[in-house]
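First the structure, then my questions, so here it is.
What follows is calculated from the coordinates using simple rules that are stated; it is not laboratory data. The structure presented is a predicted model; accordingly, all values stated were derived computationally and were not measured. Heads up, the Cβs are rebuilt from the backbone with ideal geometry, glycines too, and the neighbour counts pull from every protein chain shown.
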Amino acid sequence: MFNINLYIDPSVMTYLVQAIAGVVIAVGAVATIWIRKAKKKVSDKLGIDENRNKEVESDDI
């Protein structure tokens with residue numbers, strides 16, 4: 001009944017792939033930052049110090 005021929009230029013597909021990749025990367029970065037902030041808030045509320053067993057070197061020369 002309907003005969004629709006669509007032509008998508010290769011440069012448009014390249015742009016589309018880049019745009020999708022950019023969105024995925026941005027969402028991943030925002031999610032990572034949000035998870036780190038949430039973990040820090042939970043640690044602060046529970047009184048957990050994640051640096052208590054770490055050794056610190058002195059800056060003496």
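Considering only the stretch 50-61, I want to know if a residue exists there that is loosely packed, with under 10 Cβ neighbours inside 10 Å and not in a loop (DSSP other than H, G, I, E, B).
Among the residues of the stretch 50-61, not one is loosely packed, with under 10 Cβ neighbours inside 10 Å and not in a loop (DSSP other than H, G, I, E, B), which makes the answer no.
Quick check on my filter: what residues within the stretch 2-49 are among the hydrophobic types (A, V, I, L, M, F, W, C), outside any helix (DSSP H, G or I) and either at positive phi or surrounded by 10 or more Cβ atoms within 10 Å (Cβ to Cβ) (or both)?
Listed by number, the list holds a single entry, Ile48.
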